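Here is the structure we will look at, set down as structure tokens.
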């Protein structure tokens, strides 16, 4: 089972660019989850917490 994934902006030229990349991925992932009818609840640490058949 998988608990979580981390976004790592490999190849970013600066902290600013890395943060921008991570934010874009986060918001795109939210849209993908919504389009598939999956939950977009956010856990304590800011990650998405969809309903899964097992933990």
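Results for (1) exposed (fewer than 13 other Cβ atoms within 10 Å of the Cβ); (2) touching a residue at least 24 places away in the same chain (Cβ under 8 Å); (3) touching a strand residue (DSSP E or B) at 6+ places or on another chain (Cβ under 8 Å), shown as yes or no for each residue.
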{"position": "9", "(1), (2), (3)": "no, no, no"}
{"position": "12", "(1), (2), (3)": "no, no, no"}
{"position": "18", "(1), (2), (3)": "no, no, no"}
{"position": "23", "(1), (2), (3)": "yes, no, no"}
{"position": "33", "(1), (2), (3)": "no, no, yes"}
{"position": "36", "(1), (2), (3)": "yes, no, no"}
{"position": "41", "(1), (2), (3)": "yes, no, yes"}
{"position": "46", "(1), (2), (3)": "yes, no, no"}
{"position": "53", "(1), (2), (3)": "yes, no, no"}
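Let's see how each residue does on (1) assigned to a helix (DSSP H, G or I); (2) at pLDDT 95 or above; (3) under 14 Å from the mean Cα position of the chain (by Cα):
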{"position": "4", "(1), (2), (3)": "no, no, yes"}
{"position": "9", "(1), (2), (3)": "no, no, yes"}
{"position": "17", "(1), (2), (3)": "yes, yes, no"}
{"position": "28", "(1), (2), (3)": "yes, yes, yes"}
{"position": "34", "(1), (2), (3)": "yes, no, yes"}
{"position": "45", "(1), (2), (3)": "no, no, yes"}
{"position": "51", "(1), (2), (3)": "no, no, no"}
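The values are calculated or read from the model by the stated rules, or taken from the named source; none is laboratory data. Quantities reported herein were computed from a predicted structural model and do not represent experimental measurements. Because the Cβ atoms are built from the backbone with ideal geometry, glycine has one as well, and the counts that use them run over all protein chains shown.
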